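Beneath this line is the structure, given in structure tokens, with notes to follow.
The values are calculated or read from the model by the stated rules, or taken from the named source; none is laboratory data. From a predicted model like this one, the values you see are computed outputs, not experimental measurements. Using ideal geometry, Cβ is built from the backbone for each residue, glycine included, and neighbour counts are taken over all protein chains shown.
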């Protein structure tokens with residue numbers, strides 16, 4: 001049975017607990033290729049990517065990241081539940097001095113959906129100790145870190161909830177299951193013009 005993109009989009013959730021299964025370099029390369037092929041303003045293509053799957057380096061990268069603002073520290077991945085790999089998204093500031101956030105967002109979403117199609121979960125992280133991570137990975141100008149995509153086989157199944165009022169914070173229930181509120185379609189969809 002073919003997987004439809006809309007079904008992947010509906011299933012996609014940020015994962016913060018992973019099984020220890022490795023991810024092949026071939027798959028990681030495919031994910032970077034999916035990011036490379038994302039749309040980019042003016043076709044400038046300012047992004048580059050660092051794949052990190054070395055065990056020692058992964059531990060050091062992990063220490064530069066902050067996880068799950070609303071469920072920290074309870075949802076920080078413990079030993080044995082950490083990502084199998086990372087893709088660090090870089091921006092070449094010579095190619096695009098500003099406005100690269102849209103390029104990065106499109107690339108990351110491509111990689112997230114391509115990973116999910118292969119059974120790999122992800123968490124897109126932007127709360128990073130950038131100077132420390134740049135030093136670890138020998139990243140120098142004109143390259144700058146935009147974000148990190150953590151990857152691994154999911155060891156949790158977050159649940160989507162319809163948002164009640166303006167309560168946007170995700171939460172953990174008594175069974176340690178993550179609940180993620182999303183605004184209902186009726187609250188964000190307008191036909192032809194704004195009527196409310």
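Selection of region 33-57 for residues being over 18 Å from residue 146 (Cβ atoms) and either assigned by TED's automatic domain parsing to the domain that holds residue 176 or surrounded by 17 or more Cβ atoms within 10 Å (Cβ to Cβ) (or both) yields only 53.
If the condition is being on the phi < 0 side of the Ramachandran plot, in the same structural domain as residue 21 (by TED's automatic domain parsing), more than 17 Å from the chain's Cα centre (by Cα) and part of a loop (DSSP other than H, G, I, E, B), then region 128-181 contributes 137, 139, 140, 141, 142.
What do you reckon, is residue 82 at pLDDT 95 or above and buried (at least 16 other Cβ atoms within 10 Å of the Cβ)? Judged against the criteria, residue 82 is a match.
Does residue 30 count as closer than 17 Å to residue 117 by Cα, exposed (fewer than 13 other Cβ atoms within 10 Å of the Cβ) and in the same structural domain as residue 87 (by TED's automatic domain parsing)? Considered against the rule, which asks whether it is closer than 17 Å to residue 117 by Cα, exposed (fewer than 13 other Cβ atoms within 10 Å of the Cβ) and in the same structural domain as residue 87 (by TED's automatic domain parsing), residue 30 comes out as no. Report yes if residue 11 is surrounded by 12 or more Cβ atoms within 10 Å (Cβ to Cβ), in contact with a helix residue (DSSP H, G or I) (Cβ under 8 Å, 6 or more places away or on another chain) and over 21 Å from residue 145 (Cβ atoms), otherwise no. Considered against the rule, which asks whether it is surrounded by 12 or more Cβ atoms within 10 Å (Cβ to Cβ), in contact with a helix residue (DSSP H, G or I) (Cβ under 8 Å, 6 or more places away or on another chain) and over 21 Å from residue 145 (Cβ atoms), residue 11 comes out as yes.
Just a yes or no: is a residue in region 91-114 outside the structural domain of residue 186 (by TED's automatic domain parsing), in a loop (DSSP other than H, G, I, E, B) and touching a helix residue (DSSP H, G or I) at 6+ places or on another chain (Cβ under 8 Å)? Yes, some residue in region 91-114 is outside the structural domain of residue 186 (by TED's automatic domain parsing), in a loop (DSSP other than H, G, I, E, B) and touching a helix residue (DSSP H, G or I) at 6+ places or on another chain (Cβ under 8 Å). Scanning region 33-70 for residues that are in contact with a helix residue (DSSP H, G or I) (Cβ under 8 Å, 6 or more places away or on another chain), without any contact (Cβ under 8 Å) to a residue 60 or more places away in the chain and not in a loop (DSSP other than H, G, I, E, B) yields 49, 51. Just one of the listed residues (15, 9) is touching a residue at least 60 places away in the same chain (Cβ under 8 Å) and either in contact with a strand residue (DSSP E or B) (Cβ under 7 Å, 6 or more places away or on another chain) or outside the structural domain of residue 117 (by TED's automatic domain parsing) (or both), namely 15.
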